[in-house]
Amino acid sequence: MTQPAVTFDHVSKHYRGTRAYRSLRDDITGLLRPAPAPVAVEAITDVSLEISPGESLGIMGLNGAGKTTLLKLMCRIAYPSAGRITINGRIGALIEVGTGMHPELSGRENVRLYGRIMGLSRNEIARRFDEIVEFAGVGDAIDRQIKQYSSGMQLRLGFSIAAHLEPDIFVVDEAISVGDAGFQERCVERMTQLSHEGRTLIFVSHDLDAIETLCERGVVLKSGRLAGDGPAHEIVGAYFDEVSFARPAAMERSEIGGGGFSLIQVGVVDHVGTAILEVPADQPTRIRLRYRADRRIPGTSFTIGLSAGAGRCFVLASMLGTGEMHDVESGEGVIDCVFDDLPLNPRTYEIWGSVRGAAGYGDIIDWQRMSSFKVVRSEPERKGAVMVAMRVPVRFPHHWEVPSR
Amino acid sequence: MTARWEPQLEPSVASGAEQRQQYVVDSEAKLAGTLRSLRETWSYRDVMLAFASRSIRVKYKQAAIGLLWVVLQPLSATLLFTLVVGKFAHVSSEHAPYLLFALCGMTAWQFLSEALTTSADSVVADSALLRKVYFPREILPVAAIVAAVVDLAPSIVILIIFELAFGYWPTVQWLALPLVPIALIAGALAYGLLPAALNVYYRDVRYVLPFLMQLGLFLSPVIYSLSSLSRPVRDAFIIFNPAACAIDGFRRILLHHEWPQWLLSAASLGWCLLLALVTYTIFKKLERTFSDRA
């Protein structure tokens, strides 16, 4: 039986101390009177995890959930406060890529130095030098001093060195968000390649699409604890829903707007007018805006957009486009936007909206995220479903056909 | 509840070999042995040399007269002391030209002060690296000391040139000359590791060190003669202050055509190696939280 590549056995890590640095003065005065007990920050709490060789693991979690700490523990950069970590194989890590390069040295000198620090031999560096430079796309700038590089170039060079290590275990922390689109594509390619070569891939990202594409297994961290572990497509789906739904509770104001006109409720309602969060796909869908006005506002235009995240809407229903108008009466009122059909893939969507008056300039209520809902389908989720939904929200009616000869 | 990495096999990171390696880190493990850490340090010698060569490159990258600074620094200090101390203070120069006498002192002291100062700063200066890649952290101060050794060589050459210019011709005792830097390097290792580690925790080190270096200059027989001290004090100086040991060696060989004081020098070397081992162990313990603190 093969040994696991990485084993975490009840590992905890806490950082202690509230101050950035301690000065000698503090310690000397501390001798005289007992200092207040330092507040320990629990970054990782009792995590047990086993990663098999060749497995590709995606780690998800909100900011501060302990993802980076977990990676740093794996790479021996940080030491655990409790527990036991066993690593089998050579680790290559992409953490804080692009930092630590020396500004006074040329790109060439930095590649040689950092290649060696990160575990390449002199021969390996000589052999892969051209490849590294080409991958980074820095071209002739390789002989210029790093301090003359743009920050993007620095990052690309840093990633490129690390990406050309040939580790048994490849650890990547959010590095994909580095560089331009073309570079990102090369990074994903490189990771896929390493993974296919049978190397263990451990990958932290907020890009759930990338995790589902690259990883077989997903793990969710929540406040330093393991909160989910399973096949990537399932974990990604569950995590995505959780994050999307976690937001309204934390961020959604009960009332949007103010100064005479406000939206007091935005969301999907069913045929009897009850607010619902889960919406069946391919059904007529009614988005209700409940507002309150302290005066009559004639000629108001409402705009509703549906977004799959990242703020861009793929569906826009706007009175501004059609020239319709609605006269808002003083008091509370309701207006519904009805979609006859909602051919959407199952996932969470955001409702965006704005309200514009006929008189004056600008919007009464600025374009903003107002609410969210989740589309569900009755058919069972299969691997790839989340990926498809994440990439494209709309599902056009279609079928596959083999034309008869 | 502190953690400790225990490399169970020879790590192959530095050699780049594709052999497998295993690391176990166990927060409950007892202090398992400095010997194992030392073996790991040794396996990273290649990376250490890469760091040292970086320091040297960076140092002279933008200096117009480059390496000349290495010899100019001790020379100018020596000239100053010759003018001030040699002319006005009437200090015994052991019957040798004061310039030569002081240059013996400055050559040794300059190295030690440079080695200690750069090694104290080494870990903090590379804190960005500490957060992104693993390597045994002690290679940073060691690399700083190695880089200082590279500066020591030309300044010894200058010392010899002056020696010849003053009409002191080589004698058989010169064969012992290469032993003097050994005392200095051992001294730098012994006294350089701890400041490097402490600097991560207390930035005060950075402010205290220049003062200690000034103090060290006067605690070393750079501008005065060891013979002006009483016997036990003189011996204690040689044993515990590697600069004194080296300066005594230089002067005996170059000015008096004598052999170094073997027994005292061996005692000094022994003390430095013991201290280096102790501070290394402390360094390895402190190292665990470097990346949290740096």
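Over chain B, dividing the summed -39,500 (n - 2.57) contributions of all DSSP H runs of at least 4 residues by the number of residues returns a 222 nm mean residue ellipticity of -21500 deg cm²/dmol. Comparing B:Gln261, A:Ala238, A:Val47 along the charge dipole axis of the protein assembly as shown, the residue lying farthest to the positive side is B:Gln261, per the Cβ-charge model. Debye-formula intensities of chain B, expressed as log10 I(q)/I(0) at q = 0.10, 0.17 Å⁻¹, are -0.59, -1.39 (one equal scatterer per alpha-carbon, no solvent). Ranking of A:His206, A:His271, A:His196 by neighbouring Cβ atoms within 10 Å, starting from the fewest: A:His271, A:His196, A:His206. When the Gaussian network model of chain B links Cα atoms closer than 10 Å, the mean-square fluctuations of B:Leu198, B:Leu49, B:Leu164 top out at B:Leu164.
Our Cα-only numbers for the protein assembly as shown put the radius of gyration and Dmax at 34.1, 114 Å.
Peptide B:124-131 has a mean of 4 when you count, residue by residue, the C-beta atoms of other protein chains within 10 Å of its C-beta.
Peptide B:54-60 is shielded by partner chain Cβ atoms: per residue, an average of 3 of them sit within 10 Å of its Cβ. Peptides A:283-292, B:206-215 ranked from most to least packed give A:283-292, B:206-215, packing being the mean of other C-beta atoms within 10 angstrom over each peptide's residues.
Here the Karplus curve 6.51 cos²θ - 1.76 cosθ + 1.60, taken at θ = phi - 60°, turns the phi angles of the range A:339-346 into couplings of 9, 5, 8, 10, x, 10, 6, x Hz, with x standing for Gly and Pro. Computed from the C-beta positions of A:Val392 and A:Asp366, the FRET efficiency with R₀ = 35 Å rounds to 0.80. Counting neighbouring beta carbons within 10 Å and listing from fewest to most, the residues A:Leu320, B:Leu75 come out as A:Leu320, B:Leu75. Against the longest alpha carbon principal axis of chain B, how many degrees, from 0 to 90 and to the nearest 10, is the axis of helix B:204-219 turned? The angle comes out near 30 degrees.
A Förster distance of 60 Å, applied to the separation of the beta-carbon atoms of B:Trp42 and A:Glu278, puts the FRET efficiency at 0.45.
Rounded to whole numbers, the Karplus 3J(HN,Hα) couplings from phi for the range B:253-264 are 6, 8, 9, 10, 6, 10, 7, x, 7, 4, 5, 5 Hz, using 6.51 cos²θ - 1.76 cosθ + 1.60 with θ = phi - 60°, and x at Gly and Pro. If the Kirkwood radius is taken over C-alpha pairs of the range B:64-195, then at 10 °C and 1.306 mPa s the Stokes-Einstein diffusion coefficient equals 97 µm²/s.
Placing one identical point scatterer on every Cα of the range B:196-294 and ignoring solvent, what is log10 I(q)/I(0) from the Debye formula at q = 0.16 Å⁻¹? Debye intensities relative to I(0), on a log10 scale: -0.81.
With respect to chain B, whose longest principal axis is taken over its alpha-carbon atoms, helix B:34-43 is tilted by about 80°. Relative to one another, the C-alpha centroids of the range A:178-237 and the range A:282-321 are positioned 35 Å apart.
The GluC sites (Glu not before Pro) of the range A:68-131 that DSSP puts in a loop, and whose beta carbon has at most 16 other beta carbons within 10 Å, are A:Glu104. Its Cα gyration tensor gives the range B:218-264 an equivalent ellipsoid. The semi-axes, each the square root of 5 times an eigenvalue, are 15, 12, 10 Å from largest down. For the Cα atoms of chain B, what angle does the longest principal axis make with the long axis of helix B:179-201, in degrees from 0 to 90, nearest 10? The helix B:179-201 is inclined about 50 degrees to chain B.
Applying the Kirkwood pairwise sum to the alpha-carbon positions of the range A:61-146 produces a hydrodynamic radius of 15.1 angstrom. Residues whose amide H falls under 5 Å from that of A:Arg347, counting only those 5 or more places apart or on a different chain, are A:Val375, with hydrogens built in the peptide plane. By the beta-carbon count within 10 Å of each Cβ, the least crowded to most crowded order of A:Met370, A:Met74, fewest first, is A:Met370, A:Met74.
Peptide A:114-125 has a mean of 6 when you count, residue by residue, the C-beta atoms of other protein chains within 10 Å of its C-beta.
Distance from the Cα centroid of the range B:115-153 to that of the range A:69-101 is 21 Å (rounded to whole angstrom). Restricting the chymotrypsin sites (Phe, Trp or Tyr not before Pro) of the range B:88-139 to loop positions (DSSP other than H, G, I, E, B) with no more than 14 neighbouring Cβ atoms within 10 Å leaves nothing. Average projection, convex hull of the Cα set of the range B:157-239: 7.6 square nanometres. Sequentially through the range B:281-289, phi angles give Karplus couplings (6.51, -1.76, 1.60; θ = phi - 60°) of 4, 5, 4, 5, 6, 5, 3, 4, 10 Hz, Gly and Pro residues having no value and appearing as x.
Readers should treat all values here as calculations from the given coordinates under stated rules, not as data from a laboratory. Computed from a predicted model, the values in this text were never measured in an experiment. No Cβ is skipped: glycine too gets one built from the backbone with ideal geometry, and neighbour counts run over all protein chains shown.
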